[in-house]
Amino acid sequence: MTVFSGKAKFSLKMLPLLLLLFLQLSGAFPVHRGSPEEEPTQIVQAYLEMFYQLPRSEYPSERRNTTSVIVEKLKEMQRFFGLNETGKPDEKTLEMMRKPRCGVPDNGDFMVTPGNPKWERTNLTYRITKYTTKLPETKVEYAIKKAFELWTKPSRLTFTQISQGEADINIAFVQRDHGDNSPFDGPNGILAHAFQPGQGIGGDAHFDEEETWTTDSNNYNLFLVAAHEFGHSLGLSHSTDPGALMYPTYAFREPSNYTLPQDDINGIQAIYGLSSNPVQPTGPTTPTACDPNLSFDAITTLRGEILFFKDKYFWRIHPQMPEVGLNFISLFWPALPDGIQAAYEDPDKDLVFLFKGSQYWALSGYDIEPGYPKDISNYGFPSSVRAIDAAVYYREETYFFVNDQFWRYDNKRQSMQTGYPKNTADVFPGIESRVDAVFQKSHFFFFFSGPRYYAFDLSAYRITRVERSNRWLKCR
């Protein structure tokens, strides 16, 4: 086994660690999961061998995995990602398998690597032994530094870069077979991998040089991938929480205001203890669909779908899709901010409008229209209105809800109607609380306030049903 600069010495003491690393990461042969035309059986076989310890023979023709073994491994993978445990390579499963991701196997219910390895010291050093050609060295060093700092805040760990000598964590940009029994597979597959704490190669992080590394939302943001890999370097394994940094697949999040999620904070503190800060840092938690206290920030229809926005996420509901998918806003719209506050669909223009603060954006399908964001003053709001709570379109008019009042906008004349704002409760009896979100369907306005929604019949002009908001996410 080849190791990198600064850790060239090998001893029998390293053998158990290297054997464990070999068992965890060997067999990860090159697989391009991004090709839609690739046979599903090949995708499934390779993915399960690589990340779920599906037994494999040296030669593909000698594989003797029974159908039952593959079915059980598929169910294990589907369970990890929160998919329906069908044991079949359905569309959602194959879609997940094709996503770019980390090369470390998914082998735990909790985030700590099996065996609970950890660094005995809290003052660790790192060294970049081989830089990428895709970014200037200064930008690489800055991204790596910021990635380590994420793990410093919730723990007692500190990290110091060195340029010579033996470092605890070596960082290298390499490609294909690079001597650690875990070759990379070229662009858009496995992005990087890292080894658990220990001697020799332990703690080291390798990045695929064939990827296009960036400092923005294009391709793969180095800060985000590095921060994930350093979690492995510190002893964390993959998390089943889709909002956690240690989730296996890549999703862009804005680096400038990125905060380590609570799931990751809990994991690092389980290994190294609490931070020395008098006030312990906290991070965002991932919303769960069936939380009885779940509320929404904004809701809109979109060409037959319904989108439910919450913090940095949104759920998609479609009549032809049995599953409810939780997605990052940034995964679909890197230019949009988190925390969308209001949204509505204008079916006449085939556009969806999204609002946050005093700005709004227009979407055509899933594409942001050019020229946005714009200021909500374009609608004719007074200067005192600097944010919208909820919005809904109905019969060429848009209703904007702010606190306990609403405005009505004439889309045909492109002007705010006179006589507004009006009190919401006066026009919509029973809607006494502030409206968090609203959308229209089948002559009903569905008002959402806190964990409940109110079905308001626009013909009878009264509330006909009150239920938990998450019933829309197929929760009982």
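So here's what we get for this one:
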| item | result |
| --- | --- |
| Breaking point among (1) open to solvent by less than 40 Å² (accessible area, probe 1.4 Å); (2) of a type in the set (S, T, N, Q); (3) in a helix (DSSP H, G or I), for N266 | (1) |
| Criterion violated by G325 - all others in (1) closer than 30 Å to D90 by Cα; (2) open to solvent by 60 Å² or more (accessible area, probe 1.4 Å); (3) at pLDDT below 95; (4) of a type outside the set (A, V, I, L, M, F, W, C) satisfied | (2) |
| Count - residues of the stretch 116-128 that are surrounded by fewer than 17 Cβ atoms within 10 Å (Cβ to Cβ) and either in contact with a Leu (Cβ under 6 Å, 6 or more places away or on another chain) or not in a loop (DSSP other than H, G, I, E, B) (or both) | 2 |
| Among the candidates N218, N293, residue that is among the polar types (S, T, N, Q), assigned to a loop (DSSP other than H, G, I, E, B) and more than 19 Å from the chain's Cα centre (by Cα) | N293 |
| Residue selected from the stretch 383-431 under the condition without any contact (Cβ under 8 Å) to a residue 24 or more places away in the chain and among the acidic types (D, E), by the criterion nearest to A298 (Cα to Cα) | E397 |
| Where C290 falls short, out of the listed (1) closer than 24 Å to W333 by Cα; (2) touching a helix residue (DSSP H, G or I) at 6+ places or on another chain (Cβ under 7 Å) | (1) |
| Qualifying residues in the stretch 269-290 (those that are hydroxyl-bearing (S, T, Y) and in a loop (DSSP other than H, G, I, E, B)) - the one surrounded by the fewest Cβ atoms within 10 Å (Cβ to Cβ) | S276 |
| Exclusive hit being outside any strand (DSSP E or B), at pLDDT below 95 and more than 30 Å from S275 (Cα to Cα), set G198, G179, G165 | G179 |
| Lone unmet requirement of (1) part of a loop (DSSP other than H, G, I, E, B); (2) modelled with pLDDT of 95 or more; (3) not aromatic (F, W, Y) for R253 | (2) |
| Failed item in (1) of a type in the set (V, I, T); (2) open to solvent by less than 70 Å² (accessible area, probe 1.4 Å); (3) closer than 18 Å to G450 by Cα, with T301 passing the rest | (3) |
| Members of the stretch 442-476 that are open to solvent by 50 Å² or more (accessible area, probe 1.4 Å), within 21 Å of G325 (Cα to Cα) and assigned to a strand (DSSP E or B) | R452, R468 |
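The values are calculated or read from the model by the stated rules, or taken from the named source; none is laboratory data. Please read these numbers as outputs of a predicted model, since none were measured by experiment. As a convention, Cβ positions derive from the backbone with ideal geometry for all residues, glycine included, and neighbour counts pool all protein chains shown. SASA here: full protein model, heavy atoms, side chains in, ligands and nucleic acids out. Shrake-Rupley method; radii C 1.70, N 1.55, O 1.52, S 1.80 Å.
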